[in-house]
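One structure is given here, and the rest of the page talks about it.
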Amino acid sequence: MSTSTAKIEKGWVVQLKSGGPLMTVTEVDPDEDGGAVHCQWFGDKNKLEYSSFAPFALTIIDQS
């Protein structure tokens, strides 16, 4: 599914198009450069991880 900051919302589950863990969207910052989607997930040893990604790099997994 194609994505943009207008489509991605807080609470949705996303994944990098290249793979990796499922991540929960915690914030969406739209701007003229495409914006940033802030995500968090549990990494190795259940450590809470977080980072920001360009919306074009993400695939929407679940919108609930």
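The values are calculated or read from the model by the stated rules, or taken from the named source; none is laboratory data. Because the structure is a prediction, the values reported are computed rather than measured. Every residue, glycine among them, receives a Cβ derived from its backbone with ideal geometry; neighbour counts consider all protein chains shown. Keep in mind that these areas ignore ligands, DNA and RNA; they rest on the heavy atoms of the full protein, side chains included. Shrake-Rupley method; radii C 1.70, N 1.55, O 1.52, S 1.80 Å.
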Notebook entry, point to check: Can you pull out the residues in region 8-42 that are part of a loop (DSSP other than H, G, I, E, B), at pLDDT 95 or above and either on the phi > 0 side of the Ramachandran plot or in contact with a strand residue (DSSP E or B) (Cβ under 6 Å, 6 or more places away or on another chain) (or both)?
Noted result: 10, 11, 12, 17, 19, 20, 21, 22
Notebook entry, point to check: Is it the case that residue 10 is open to solvent by 50 Å² or more (accessible area, probe 1.4 Å), without any contact (Cβ under 8 Å) to a residue 60 or more places away in the chain and over 10 Å from the mean Cα position of the chain (by Cα)?
Noted result: no
Next item on the list: Name every residue in region 32-58 that is closer than 12 Å to residue 15 by Cα, touching a residue at least 24 places away in the same chain (Cβ under 8 Å) and open to solvent by less than 100 Å² (accessible area, probe 1.4 Å), in order of residue number.
Entry: 37, 39, 53, 55, 57, 58
